[in-house]
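To start, the structure under review is shown below, and the notes come after it.
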Amino acid sequence: MNKKTHIDRDYDLFFKNLGTEKLAWLAGLFQSEAYFHSDKRVRAKSSPEEYTPPPPVPRIKLEMVEEDLMRHIGEILDENVIITNRRTTANNIVYKITINARNKSEAFLRAIEPFIIGRKTHREIQDLLELCEQYKDWVAQGGKQNAAKLANKARQALRKKN
């Protein structure tokens, strides 16, 4: 069976098919245990006049010591469970799941948002969803095409040097 990549998968449908009960369970778990943040690294070396980088990527990270629970969550979310290099003070292994793909993060946040009760987490999710909207605007304004053009120019300049 060919696994779809994060780019061509319909994550809205993927999460909708999980069902209300599973989404509510995931929302509660992630609200209490996960870290909602954005990857703010700027990867472009071009000047701001030439290129406007995309908005930061929303990321969701869950770390726990219960391997069986993390493997179950990993299966549900179709994400890898990573064994981290650090251990707890009780010397337990820490397992991590991170949702890095922009489209998957957005779909997951939209799916669990109705079940989030806490104001702080709700605000964090709203901020990340705003980044998703900014990204859509960036793409619509030609940001992705401009990035591809600059990358092509840089590649050609590098080839000329060599």
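Report, by chain and number, residues whose modeled amide H sits under 5 Å from the one on residue 59, excluding near sequence neighbours (fewer than 5 apart, same chain).
When sequence neighbours closer than 5 places are left aside, the close amide H contacts are 37, 38, 39.
Using a Förster radius of 22 Å, what is the FRET efficiency between residue 80 and residue 146 based on their Cβ-Cβ separation? Nearest 0.05, please. Please list the in-between numbers first.
Working: r = 32 Å, r/R0 = 1.47.
E(calc), rounded to 0.05, equals 0.10.
What residue among 27, 77, 101 has its Cα farthest toward the positive end of the dipole of the chain, where the charges are +1 on Lys, Arg and -1 on Asp, Glu, each on the Cβ?
101
In the range 65-91, which residues have a backbone nitrogen under 18 Å from the label point lying 7 Å from residue 115's Cα in the Cα-to-Cβ direction?
69-79
For the range 81-162, what does the relative contact order come out to in percent, with C-alpha contacts under 8 Å and a separation of six or more? Write out the running numbers ahead of the final one.
Details: 33 pairs, mean separation 12.7, N = 82.
15 percent.
With a 10 Å Cβ neighbour count serving as the proxy for reagent exposure, in which order, fewest first, do 105, 38, 32 appear?
Details: 105 24, 38 15, 32 9.
Ordered from fewest to most neighbouring Cβ atoms within 10 Å, 105, 38, 32 come out as 32, 38, 105.
Using Cβ counts within 10 Å as a stand-in for footprinting exposure, how do 68, 10 rank, fewest first? Mind showing how you got there, number by number?
Numbers: 68 8, 10 12.
By the 10 Å Cβ count, ascending: 68, 10.
For the range 94-134, with only Lys/Arg (+1) and Asp/Glu (-1) charged at the beta-carbon, what is the dipole magnitude about the Cα centre, in debye rounded to 20?
Numbers: 7 positive and 6 negative charges, 40 e Å.
So the dipole magnitude of the range 94-134 works out to roughly 200 debye.
Using θ = phi - 60° and the Karplus form 6.51 cos²θ - 1.76 cosθ + 1.60, what ³J(HN,Hα) does each residue of the range 84-89 get, whole Hz, x for Gly and Pro?
Running phi through 6.51 cos²θ - 1.76 cosθ + 1.60 with θ = phi - 60° gives 7, 7, 9, 10, 6, 5 Hz.
Counting Lys and Arg as +1 and Asp and Glu as -1, each charge on the Cβ, what is the dipole of the chain about the Cα centre in debye, to the nearest 20? Spell out each step's value before the answer.
On the way: 29 positive and 22 negative charges, 234 e Å.
The calculation lands at about 1120 debye.
Apply the Karplus parameterisation 6.51 cos²θ - 1.76 cosθ + 1.60, with θ equal to phi minus 60°, to every residue of the range 93-98 and state each ³J(HN,Hα) to the nearest whole Hz, in sequence, with x for glycine and proline.
Going residue by residue, I get 6, 9, 9, 9, 10, 10 Hz, with x marking Gly and Pro.
When the helix-only estimate is applied to the chain (DSSP H runs of n ≥ 4, each -39,500 (n - 2.57), divided by the residue count), what is the mean residue ellipticity at 222 nm, nearest 500 deg cm²/dmol? It would help to have the intermediate numbers written out before the result.
Details: 6 runs with 83 residues, N = 162.
The helix-only estimate for the chain comes to -16500 deg cm²/dmol at 222 nm.
So, in Å, what gap is there between the alpha-carbon centers of the range 139-158 and the range 87-134?
Cα centroid to Cα centroid, the span is 30 Å.
Would you work out which of 126, 157, 139 lies farthest towards the positive end of the dipole of the chain, given +1 charges on the beta-carbon of Lys and Arg and -1 on that of Asp and Glu, about the Cα centre?
157
Using the eigenvalues of the Cα gyration tensor, what equivalent ellipsoid semi-axes result for the chain when each is taken as the square root of five times the eigenvalue, whole Å, largest first?
Values: eigenvalues 214, 79, 53 Å².
So the three semi-axes of the chain are 33, 20, 16 Å.
Sorting check: for 74-84, 20-30, which peptide has the highest mean count of neighbouring beta carbons within 10 Å, and how do the rest follow?
Details: 74-84: 14.5, 20-30: 16.2.
Top of the packing list down: 20-30, 74-84.
Bear in mind these aren't lab numbers, they're just calculated from the coordinates by the rules spelled out. No experiment lies behind these values; they were computed from the predicted model shown. Counting neighbours? That spans all protein chains shown, and the Cβs are built from the backbone with ideal geometry, glycine included.
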